[in-house]
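The values are calculated or read from the model by the stated rules, or taken from the named source; none is laboratory data. Values in this document were obtained by computation on a predicted structure and should not be read as measured data. Ideal geometry is used to build each Cβ from the backbone, glycine not excepted, and the neighbour counts take in all protein chains shown. For accessibility, only protein heavy atoms count, side chains too; no ligands or nucleic acids. Shrake-Rupley method; radii C 1.70, N 1.55, O 1.52, S 1.80 Å.
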Amino acid sequence: MEINLNRVDYLQVGVTSQKTMRLLPAIGRKATQKVAIADHDGVISCFGMKKGEAVPVFKTLPGQKISRLDLGGALGTPQEKIFVSAGSEVRGFTKKGKQFLTFEANLTESINAMHVAGADLFVCASYIYNHYCDCKDQDYYLSGDKINDIICLPAETLGRIVPVLACQDRVLRVLQGSELLYDVEVPGPPSVLELYSKEEGNMEDILYGTVDGKLGLVKMTDSCAISKWEIDNDKKKGGVLCLDSFDILGDGLRDVLVGRDDGTVEVYGFDSSNEPSLRFEHVLSESVTSVQGGCVGKESYDEVLTATYTGWVTGLTTEPQQAGAGPGEEVKMSKETQSKVAALRAELEQLQVQVLQGREQYQQTSQSSTAVSAVPVFSVNDKFTLCQDDASYSLTLEVQTAIDNLLLQSDVPIDLLDVDKNSAVVSFSECDSEQPNGNFLLATYRCQANTTRLELKVRSIEGQYGTLQTYITPRLQPKTCQVRQYQIKPLSLHQRTHSMDQDRPMNTLTLAGQFSFAEIHSWVVFCLPEVPEKTPAGENITFFFQNTFLGTQLEATYSKGEGHFKSDNISTISIMKDVLSKEATKRKINLNISYDVNEESVSHTLRMIHPKLEYQLLLAKKVQLIDALKELQVHEGNADFLIPEYRNILDESAHLLEEYKKQPAHLERLYGMITDLFIDKFKFKGQNVKTKVSLLLEILDNYDLNSLMDFFNEV
């Protein structure tokens, strides 16, 4: 069963954060619901719809940026009290807008996740979880990695409070009091949690969405979690920012509503085998920060209500927008529409006059002797994440106003990859990388009108590290620009994982010296992505990593005065050795470095590179043949005389060229990895083999795995 939903824009508030819009409970069975939404200006707006117009119920005065909004109330009563977190403070309001609570959580950082259940308040800062009951401190927990969201299983049915934390290290942590009860591994860093249903039988089901766009449902038991289903992000959609469960299809089952950071809104329904399937999809022009199912625009018509980054509240309603009624009703409807259009035109004219007056006033004041230059402030929402599927970094930039242009500057070699969603025109400037502090990349993106969101993809080279900078210029007067910086780390293509294949041949690097646990942790943070900046609790820590490009692994175990690093790729160990030595030298710390090289690991790594290299060589060969084959086809009038292999190349030419274009320098990248592996193998033996690289490249040009392995062993 498919569903048809029609878009209706209700109103716009200020810039919003994740999970800051909720629907208040309906008073009657089919009555419309009020909407509460909070923004970065510190304003809470509550409104309802009347005759197609948004009518305010209340609006608070501006204040500190609001990071979360939740509904609460006494257990067993309608959850219609509004709670917001701003900084380290939580405030409570009645549904009429009267403030009844101001509570200071005494956290050193701002609250970034909050949940309210009866008299219980759960708040989280970056690594800290706090539970308060009637504003009295109850429980405290220090997480091993950043907390992105929190949800609590309903205490009224389970008989106890069960908080669940979504943490950046791909783990859901289930707590009991101030202790960790157990943790659950999920397929990506979880960004949002939501109870699937508060009905009998589903009390322990929790929906999660991840930063890299995956979805799942887990059932929480007393001692472990059972994964019910998972949905991969095969179509490379944006990360999940918000979730809700609501029966929008009207089949008696709760559907899953999803809002993503690329503006996609999805509805997943369930078939007879209880497996989720996509039933509806709509794309908005900016990231969706909140999604709710309910009835807002007109009674008896359900809808999916969304709030976006720049504060647009938009409904996707089941109400038909084109009424095919009788002649009398049609005239009535057109009159209503005409009066709406006339009111909008009058408002538009009024705004145009105000803009002209404002411009004139600004020109006059800017030219006076007492003029003070005022730089317009604008908000930028950015995300720099490693994509596991294609071993690239996705850089997403979203601005509350239209982007004019974007300058990308890097002091480290990186490749820009094609992004289908990106319609901006890119131009490259020449760089002089030989100069000290020289640039390896200078690229300018000129955006089309009304572009508020831009997505870029870059791929780095492991071992080369530095800074990627973006200069964002919006369409504002006077011209202004914001600079954002992103660190390209030495082992930038590694991502955190939870286990290691211990049967692989491993190389080991061991460090010993007069350094503290915090110092060696800061070196590991500098070297590897997805490591929490806060020094872990305890005396030692072990992290596992996997290279997203090759699939090789790294194990890092360290404590005060010593560190052990194991990898099946000798180049990874070489990079770690160079970077850690450099960082220790900066702090004037003497290191005792020892290493154990496993000869078998080299051939193991070459075998892991082999399928990728073979595929890329074949792709390059096919692409080289396309022009010649097309010329033959034109000359002969058809391609029937060609052998099936060549005909197949012609048939797939568009796809082959597109794939080749999407992977610039892929072959050079693989050649570079094999060359580094060759140099690093002999570097640990104390030999310099850089003069023999030209022979290695000759072998690669006539590639054969056995010949390559023989060359590595013979030298």
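Residues that are buried (at least 21 other Cβ atoms within 10 Å of the Cβ), of a type in the set (D, E, K, R) and at pLDDT 90 or above occur at least once in segment 222-245.
Entry remark, segment 662-706: residues being more than 22 Å from Val597 (Cα to Cα), open to solvent by 50 Å² or more (accessible area, probe 1.4 Å) and in a helix (DSSP H, G or I) number 8 in total.
Can you confirm whether segment 436-451 contains a residue that is open to solvent by 40 Å² or more (accessible area, probe 1.4 Å) and touching a Pro at 6+ places or on another chain (Cβ under 6 Å)? For segment 436-451, residues open to solvent by 40 Å² or more (accessible area, probe 1.4 Å) and touching a Pro at 6+ places or on another chain (Cβ under 6 Å): present. Among the residues of segment 1-16, write down those that are open to solvent by 20 Å² or more (accessible area, probe 1.4 Å) and under 19 Å from Leu243 (Cβ atoms). Listed by number, the list holds a single entry, Ile3. The set of residues in segment 580-591 being within 24 Å of Leu677 (Cα to Cα) and touching a strand residue (DSSP E or B) at 6+ places or on another chain (Cβ under 7 Å) consists of Leu580, Ser581. In segment 563-579, of all residues being assigned to a helix (DSSP H, G or I), in contact with a strand residue (DSSP E or B) (Cβ under 6 Å, 6 or more places away or on another chain) and not basic (Lys, Arg), the one that is nearest to Phe549 (Cα to Cα) corresponds to Thr572. The residues in segment 237-290 that are in contact (Cβ under 8 Å) with a residue 12 or more places away in the chain and either within 28 Å of Val419 (Cα to Cα) or under 21 Å from the mean Cα position of the chain (by Cα) (or both) can be counted, and the count is 34. Residues that are closer than 23 Å to Pro189 by Cα, open to solvent by 30 Å² or more (accessible area, probe 1.4 Å) and under 21 Å from the mean Cα position of the chain (by Cα): does segment 501-521 have at least one? Checking segment 501-521: not a single residue is closer than 23 Å to Pro189 by Cα, open to solvent by 30 Å² or more (accessible area, probe 1.4 Å) and under 21 Å from the mean Cα position of the chain (by Cα).
Here's the yes/no breakdown for (1) open to solvent by 60 Å² or more (accessible area, probe 1.4 Å); (2) aliphatic (A, V, I, L, M); (3) touching a residue at least 60 places away in the same chain (Cβ under 8 Å):
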residue: Lys136; (1), (2), (3): yes, no, no
residue: Arg160; (1), (2), (3): yes, no, no
residue: Cys167; (1), (2), (3): no, no, no
residue: Ser178; (1), (2), (3): no, no, no
residue: Val184; (1), (2), (3): no, yes, no
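The residues in segment 55-83 that are free of Cβ contacts under 8 Å to residues at least 60 places away in the same chain, surrounded by 18 or more Cβ atoms within 10 Å (Cβ to Cβ) and in a strand (DSSP E or B) can be counted, and the count is 8. Figure legend. Inter-residue proximity from segment 303-319: first residues within 19 Å of Asp251 (Cα to Cα) and in contact (Cβ under 8 Å) with a residue 12 or more places away in the chain, second residues open to solvent by 10 Å² or more (accessible area, probe 1.4 Å) and basic (Lys, Arg), beta-carbon distance below 9 Å, spacing 6+ or different chains. Indicated pairs: Leu316/Arg7; Thr317/Arg7; Thr317/Lys298; Glu319/Lys298.
Summed over segment 480-500, the residues that are touching a residue at least 60 places away in the same chain (Cβ under 8 Å) and over 20 Å from Pro189 (Cα atoms) give a count of 4.
Every residue, every condition in (1) among the β-branched types (Val, Ile, Thr); (2) assigned to a strand (DSSP E or B), yes or no:
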| position | (1), (2) |
| --- | --- |
| Asp244 | no, yes |
| Leu253 | no, no |
| Val258 | yes, yes |
| Gly269 | no, yes |
| Ser273 | no, no |
| Phe280 | no, yes |
| Gly297 | no, no |
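Can we say Thr557 is farther than 26 Å from Val211 by Cα, among the polar types (S, T, N, Q) and touching a Ser or Thr at 6+ places or on another chain (Cβ under 6 Å)? Answer is yes for this residue.
Just one of (1) in contact with a helix residue (DSSP H, G or I) (Cβ under 9 Å, 6 or more places away or on another chain); (2) closer than 28 Å to Val184 by Cα; (3) open to solvent by 10 Å² or more (accessible area, probe 1.4 Å) fails for Arg587. It is (2).
None of Thr108, Thr102, Thr77, Thr94 is of a type in the set (S, T, N, Q) and under 17 Å from Lys146 (Cα atoms) except Thr108. Among the residues making up segment 104-152, those that are outside any strand (DSSP E or B) and either touching a Pro at 6+ places or on another chain (Cβ under 6 Å) or within 17 Å of Arg170 (Cα to Cα) (or both) are Ser126, Tyr127, Ser143, Gly144, Asp145, Lys146.
Of the residues making up segment 35-54, those that are touching a residue at least 60 places away in the same chain (Cβ under 8 Å), touching a Ser or Thr at 6+ places or on another chain (Cβ under 7 Å) and either among the aliphatic types (A, V, I, L, M) or on the phi > 0 side of the Ramachandran plot (or both) are Ile37, Met49.
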